[in-house]
Amino acid sequence: MAASESAIAVRRYEWSPGAPPVDIDLGLSRDGWVYRRALVLVERDGVPWGVVDVPVQDGVVQGHLVESMAGAKINAGLWPSADSLVLDAPAIRLRVVIPTCNDATRVVRAVASLLRAPDPALEVVVVENRPRGSTVEGVLADAFPDESRLGYREEPRPGISRARNCGAEGVTEGLIGFFDDDSVAHPHWATAMRAVAGGDSERPVGIMTGRILPLGLENHAQLLFQRFTGFGANDLGGIYRLDRPPEGSWLFPYAPGTFGSGASLCLPAPAFSALGGFDHRLGTGSPARGGEDLDMFVRVLYLGYSVRYVPQAVVWHEHPDSLGGLPRKAFAYGVGLSAMMFKHAVAGPDRAGFARRIPAGLFRLVELHSSKRSPGPHGFSWRLTAMEAMELLGVLAGPVGYVRSTRRGRDGRR
């Protein structure tokens with residue numbers, strides 16, 4: 001692969017129909033290379049509309065090309081109509097919980113993105129999950145000295161589920177959002193979540209999940225991670241219900257990636273209370289290494305709620321910057337997925353239904369890996385194969401991780 005092909009620009013574009021198109025001069029990438037492609041989030045009146053993957057000519061994203069590609073997607077029904085974009089929403093009380101592990105720089109960036117606009121109904125609570133020796137509290141106090149909407153808590157027991165539950169304590173009404181410290185929120189994120197919080201006329205919404213885009217695609221590691229996860233591919237919203245499974249999804253509701261990710265979640269407080277919070281036996285920081293968000297999606301559906309995918313609730317995720325750590329992340333994904341599956345196989349609300357889905361699940365796993373290995377512009381086949389192998393090893397280890405987490409909880413150990 002040529003080095004000049006090793007970066008993709010990630011940009012925003014405000015589309016004002018009737019106004020002349022505006023070009024975007026990209027300059028050089030972080031490492032000094034010329035961009036050949038750009039991933040462009042198109043907005044209207046500041047509201048995210050959809051994403052186009054645009055070729056770059058002489059270091060410039062041409063506005064007329066962005067608008068032409070966007071228009072084609074709208075005409076094909078791949079984007080929502082302009083009149084369905086929500087500019088504002090009721091000022092429902094919203095607490096956003098951000099767990100962190102002594103990562104002051106990233107958490108300050110995440111907090112700043114959420115608090116950039118005046119919103120008296122919004123509060124942010126940072127939960128330090130590694131408080132011993134942490135500098136986070138002091139750095140936050142220096143960065144936001146007069147910010148009454150910002151709170152800080154500590155949860156010394158390891159695990160993102162415990163940290164998230166700690167941050168949500170005391171909320172009895174309104175919404176509870178969950179955000180990762182390595183992400184940045186779009187200014188419209190809170191409005192988009194609030195706009196759909198009431199659910200539909202038939203079923204209350206239990207979880208809202210937003211769209212995840214890369215914060216940057218500046219090197220091979222970030223490009224590979226994007227290809228592996230497939231974050232941010234869907235421009236249209238969706239409502240998921242247990243009694244109306246998506247057509248052709250035989251693995252539903254256990255299908256990973258169908259709903260979204262824990263990097264951008266929002267729940268009505270009554271639904272969160274009914275669920276009993278996140279399962280501390282799952283999640284980063286536990287032997288299960290993840291799966292707590294997938295578990296929440298499944299449980300909320302079985303409680304009779306719907307799950308809402310909200311593509312206008314955009315966050316940008318900072319992808320890993322080094323190839324060396326990617327196999328470990330793939331392994332953790334496999335462990336978390338399998339741990340969640342094992343939990344529902346042995347103690348879920350529909351064990352017989354879960355067993356019937358096992359053949360479809362195995363087929364889906366193979367299908368996902370085949371699509372990732374399909375020819376692409378970056379020739380990542382052998383690295384993707386290595387990551388898939390690590391993910392499959394994680395799948396085999398998942399049940400052991402879940403059992404270890406369960407025993408740790410019974411023994412009262414941290």
Revision key, fill the gap. G32 fails exactly one of (1) crowded, with 17+ Cβ neighbours inside 10 Å; (2) small (G, A, S); (3) part of a loop (DSSP other than H, G, I, E, B), namely (1)
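Do we find a residue being part of a loop (DSSP other than H, G, I, E, B), over 23 Å from S161 (Cα atoms) and touching a residue at least 12 places away in the same chain (Cβ under 8 Å) anywhere in region 251-272? Before the answer, list the steps.
So the first thing to find is which residues in region 251-272 are part of a loop (DSSP other than H, G, I, E, B), and the list is 251-263.
If we keep only those that are over 23 Å from S161 (Cα atoms) as well, we get 251-252.
So of that shortlist, the ones also touching a residue at least 12 places away in the same chain (Cβ under 8 Å) come out as 251-252.
Checked against the condition, which is being part of a loop (DSSP other than H, G, I, E, B), over 23 Å from S161 (Cα atoms) and touching a residue at least 12 places away in the same chain (Cβ under 8 Å), region 251-272 yields at least one hit.
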Exercise for review: Would you mind finding the one in A38, A72, A19 that is in a helix (DSSP H, G or I), hydrophobic (A, V, I, L, M, F, W, C) and out of contact with any Ser or Thr (no Cβ under 9 Å at 6 or more places or on another chain)?
Suggested key: A72
Point to revise | Sole exception among (1) at pLDDT 95 or above; (2) of a type outside the set (A, V, I, L, M); (3) in the same structural domain as G27 (by TED's automatic domain parsing); (4) out of contact with any helix residue (DSSP H, G or I) (no Cβ under 9 Å at 6 or more places or on another chain) for D58, by number | key: (1)
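Name every residue in region 115-146 that is under 30 Å from M340 (Cα atoms) and surrounded by 14 or more Cβ atoms within 10 Å (Cβ to Cβ), in order of residue number. Walk me through how you get there before you give the answer.
From region 115-146, those under 30 Å from M340 (Cα atoms) are 124-132; that's our starting set.
Passing the criteria: V124, V125, V126, V127, E128, N129, R130, P131.
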Exercise for review: Determine, yes or no, whether R149 is exposed (fewer than 14 other Cβ atoms within 10 Å of the Cβ) and either at pLDDT 95 or above or assigned by TED's automatic domain parsing to the domain that holds W316 (or both).
Suggested key: no
Practice item. Would you check if there is a residue in region 42-49 being over 21 Å from the mean Cα position of the chain (by Cα), surrounded by 12 or more Cβ atoms within 10 Å (Cβ to Cβ) and on the phi > 0 side of the Ramachandran plot? Key: yes
**Study point:** Filter result (in a helix (DSSP H, G or I), more than 17 Å from S264 (Cβ to Cβ) and of a type outside the set (G, A, S)) within region 102-133
**Key:** T105, V108
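The values are calculated or read from the model by the stated rules, or taken from the named source; none is laboratory data. Model, not experiment: these values are computed from the prediction. Backbone-built Cβ (ideal geometry, glycine too); neighbour counts: all protein chains shown.
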